[in-house]
Structure formats: structure tokens, C-alpha cells
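These notes concern the structure reproduced below.
Bear in mind that the values in this text are calculations on the coordinates, not laboratory data. The structure displayed is predicted, hence computed values, not measured ones. Glycine also receives a Cβ, built like all others from the backbone with ideal geometry; neighbour counts cover every protein chain displayed.
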Amino acid sequence: MIVVDTNIVSYFYLNSENSELAEQIFKVDSVWGVPLLWRSEFRNVLSFYLQKKIIDLSDAEHIINLAEDLLQENEYEVNSFKVLKLTQMSGCSAYGCEFVCLAKDLGVTLVTEDKKILRQFSETAQSMRSFLGVV
């Protein structure tokens, strides 16, 4: 198991320059853990794609159903105080620290492209390329 942030989930389901890397990560480890927050963040991504007319509503429904099916067994609540401690220590957003907190709690790697998270939590977080060993 690994923890992935919402951007990695987005790359996996929505065509982008990082989609191939997300697919490779899934081949290496297909058990992806996420904090409950991912749902709201992913809905926001899908709404952006809808508003830009990149996808239509039926596409969005299909994509959200696929993503929810994949992740539903590995969604976790995180401890608010731990998240706040991480934000205070790092200066990172609470959103990002939810993923860091979960990875730390589970004792697994967080895969993210968030530069600040990668810098502040190098013992927990890896970039997509680093995780795949293609740095």
C-alpha cells in the first residue's frame, strides 16, 4: 500500500502529462490509501474539467464512480491534531498534511508532486518519478 494525493488520482483517471506515470505507479502498487478529503478535492477537479468542457457530466459520473470503487476500501479519517501539528511544523497546507499524516500513520510512502510536501516531508513523501526509480 501507498498513500497517493488527489493529483495522482486525477492523473490516473484524467488524461494529462502525468497519466502514464500514474498508471506505472498503479502497476507497481495498486493499493492506494487516501484520507476522506480526497473525495471533495477530486470533485473539485472534475468540476473544473466540466466547466472547461473537457469532459461532460456522464464522463464525470463514470470517472467518480471508478475512483470511488478503487479507493473505498482504503479511505481513512485522520487525526485533526496531528494534521495541525504537521502544518505548524512545516508551513504546508492542512489539505496536504492530511495525506502526510495518513502515510505516517500507516507507515507507508506518500506519492505526490507537491513540491513543498516533498521538501518538508522527504522521509515520507516521494515524487512519482522517484517512487518509480526514474529520477
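Would you mind ranking I25, I55 so that the residue whose beta carbon has the fewest other beta carbons within 10 Å leads the list? Write out the running numbers ahead of the final one.
Values: I25 22, I55 17.
Sorted ascending by nearby Cβ count, the order is I55, I25.
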Spelling it out for L110: with amide H atoms placed in the peptide plane at 1.01 Å from N, the residues 5 or more places away or on another chain with amide H under 5 Å from its amide H are V3, A125, Q126
So what are the ³J(HN,Hα) numbers for the stretch 31-47, from phi and the Karplus equation (6.51, -1.76, 1.60; θ = phi - 60°), rounded to whole Hz, Gly and Pro as x?
-> 9, 10, x, 8, x, 4, 3, 3, 4, 5, 5, 5, 4, 5, 4, 4, 5
Could you work out how far helix 57-71 tilts from the main Cα principal axis of the chain, as a 0 to 90 degree angle to the nearest 10?
-> 40
Between 0 and 90°, nearest 10: helix 80-90 axis offset from the chain longest Cα axis | 70
Working out 0.36 nm times the residue gap between L57 and M89, then minus their Cα-Cα distance, what length gain in nm do you get to one decimal?
-> 7.5 nm
For Y76, the residues 5 or more places away or on another chain with a placed amide H closer than 5 Å to its own amide H are V34, L36
Degrees separating the helix 94-106 axis from the principal Cα axis of the chain, which is the longest one = 70
Residue-normalised 222 nm signal for the chain, counting each DSSP H run of n ≥ 4 as -39,500 (n - 2.57), nearest 500 deg cm²/dmol, is -18000 deg cm²/dmol
Using the 2.2 N^0.38 Å rule of thumb for compact globular proteins, work out how the stretch 2-132 stacks up: its C-alpha Rg over that value, please.
-> 1.02
Net charge (Lys, Arg +1; Asp, Glu -1) of residues whose beta-carbon lies under 12 Å from that of F12, F12 excluded, is -2
